[in-house]
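Notes follow the structure.
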Amino acid sequence: MNKMETLNNLRIDVEQLDNEILSLLSKRGELVKKIGLTKKELNVNIFDPSRELELLSKIDNNNPGPYNIESLKRIFKEIFAASKFLQYNSELKENKPFLFSRDYKSEDTIVNVNGQNIGDGIPRFIIGPCAVESFEQVQKVAAEMSKRGLNLLRGGAFKPRTSPYDFQGLGIDGLKILSSVSKEYDMGVITEIMSTDQLEEALEYIDVIQVGARNMQNFSLLKAVGQTNTPVLLKRGLSATIEEFKLAAEYILAEGNTNVILCERGIRTYETATRNTLDISAVPILKQETHLPVVVDVTHSTGRKDLLIPTAKAALAIGADGIMAEVHPNPAIALSDSKQQMNFDEFNHFMDAIETFSNKAVLEPVNS
Ligand SMILES: [Mn+2]
């Protein structure tokens with residue numbers, strides 16, 4: 001046998017051993033998955049560092065050579081890491097679809113807020129000033145909404161502003177104003193809560209907790225609102241992908257709160273013609289891939305009053321469950337978002353246009 005033939009034969013032997021190692025690893029993987037499931041039943045942590053150390057020390061004692069122990073430890077640590085991945089994965093992916101998904105729940109989730117069933121197929125309108133500035137200001141808006149039969153009142157008491165020197169909101173006093181106006185007009189209050197320490201006190205005054213775009217990945221806040229029974233309106237982050245948006249909702253659902261409403265509010269792109277870019281196709285994607293209601297914030301996505309009617313029509317046409325928009329008795333003197341809030345004439349024109357459009361859409365469904 002020449003040297004070349006010897007080399008080839010040795011390689012064939014090694015390949016044979018590789019196949020055996022592969023089949024042993026596969027058997028090991030199946031066992032590890034069973035261990036993972038048993039650990040889950042026993043409520044034992046999947047990651048067990050002392051067990052890993054014990055196994056490594058046994059390998060050290062039993063090492064027949066020729067590999068040195070450091071190389072062997074590296075190889076086995078990789079096997080342990082891959083096994084942990086299998087265990088977590090068999091827990092998360094194979095046995096359990098995401099709670100937001102249609103695989104988990106095929107029928108639409110309907111969130112009841114003050115008698116309005118958000119997600120039942122009828123468009124809902126969440127209207128109110130950007131920020132709560134005074135009792136009179138909120139009352140005037142509520143009175144105007146009431147004339148149109150609307151009862152979902154928004155308003156910011158804690159304002160996440162880009163500059164720390166801008167108006168930061170009235171805080172708890174703002175919540176008290178929202179609460180007393182909403183009682184007077186029988187409305188549900190939707191307002192943003194920015195941190196976990198505001199939550200408990202805020203719950204006394206509000207019907208829907210808004211988690212704002214800048215807090216979409218504030219995971220401790222998501223968990224905290226998930227531990228309440230209060231409906232949550234979760235806004236998409238300014239730079240969040242749809243996947244990240246859905247996973248943020250998962251944080252809330254995983255804590256047990258099933259009353260989650262998703263809100264598309266525009267994303268940051270290179271386009272400067274609008275304040276943000278309304279990702280209109282996010283609406284049907286979210287409706288297909290989740291069972292949660294989806295609303296569109298036309299005010300913050302566009303930042304332009306001349307685009308509110310067309311974008312609201314587009315949102316309803318593409319399947320949104322509701323529209324959010326800002327209305328102020330006197331936008332020119334508003335303490336925040338003064339350029340993009342509607343005055344009462346503009347608001348009534350907006351509602352007329354959308355009602356006509358919705359009625360038309362209901363009466364004359366497009367056959368597709
Ligand atoms: Mn605003």
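None of the figures in this text is laboratory data; all of them are computed from the coordinates on show. This structure is a prediction, so every number in the text was calculated from the model and none was measured. A quick note on method: Cβ atoms are made from the backbone with ideal geometry, for glycine too, and the neighbour counts reach across all protein chains shown.
Let me know the Kirkwood hydrodynamic radius for the chain, please, with Cα pairs as the basis and the value in Å to one decimal. Radius from the Kirkwood sum: 23.8 Å. Take every pair of alpha-carbon atoms less than 8 Å apart whose residues are at least six positions apart; their mean separation over the length of the chain yields a relative contact order of 14 percent. So which of LYS58/LYS84; LYS39/LYS77; LYS287/LYS339; LYS140/LYS235; LYS159/LYS305 end up more than 28 Å apart, counting from Cα to Cα? The pairs that break the limit, which is 28 Å between Cα atoms, are LYS287/LYS339. Counting only alpha carbon atoms, the long axis of helix 344-363 and the longest principal axis of the chain meet at about 60°.
Placing dummy labels 7 Å off each Cα toward the beta-carbon, the span from ASN89 to ASP13 is 3.4 nm. The listed peptides 69-78, 330-339, ordered by packing as a protection proxy, come out as 330-339, 69-78 (highest mean of other Cβ atoms within 10 Å first).
As a ratio to 2.2 N^0.38 Å, the alpha-carbon radius of gyration computed for the stretch 134-274 takes the value 1.07.
Projecting the Cα atoms of TYR251, GLY212, ALA202 onto the charge dipole of the stretch 111-363 (Cβ charges, centred on the Cα centre) puts GLY212 farthest toward the positive pole. Taking every DSSP beta bridge that has both ends in the stretch 150-238, the antiparallel portion is near 0%. Averaging 1/r over every pair of different alpha carbons in the stretch 3-94 and inverting the result gives a Kirkwood radius of 15.3 Å.
About its Cα centre, the chain has a charge dipole of approximately 560 debye under the convention of +1 per Lys or Arg Cβ and -1 per Asp or Glu Cβ, with nothing else charged. Peptides 345-353, 4-12 ranked from most to least packed give 345-353, 4-12, packing being the mean of other C-beta atoms within 10 angstrom over each peptide's residues. For ASN62 and SER50, the difference between the fully extended length at 0.36 nm per residue and the C-alpha to C-alpha distance is 2.5 nm. The charge dipole of the stretch 3-94, taken about its Cα centre with unit charges on the Cβ of Lys, Arg, Asp and Glu (plus for the first two, minus for the last two), comes to roughly 240 debye. Kindly list the residues of the stretch 224-248 that lie in the label zone of SER195, defined by a backbone N under 16 Å from the point 7 Å along the Cα-to-C-beta vector. Residues 224-225 qualify, since their backbone N sits under 16 Å from the label point. Rounded to 0.05, the FRET efficiency of the LYS105 and GLU41 pair, given R0 = 22 Å and the Cβ-Cβ distance, is 0.35.
Dividing the summed helix terms, -39500 (n - 2.57) for each DSSP H run of n ≥ 4, by the number of residues in the chain produces a 222 nm estimate of -15500 deg cm²/dmol to the nearest 500. Highest-first packing order for the peptide set 160-173, 185-198, 42-55 is 185-198, 160-173, 42-55, based on the mean count of other beta carbon atoms within 10 Å. Values of log10 I(q)/I(0) for the stretch 45-200 across q = 0.13, 0.14, 0.20 Å⁻¹ run -0.77, -0.83, -1.17, by the Debye formula with one identical scatterer at each alpha carbon and no solvent.
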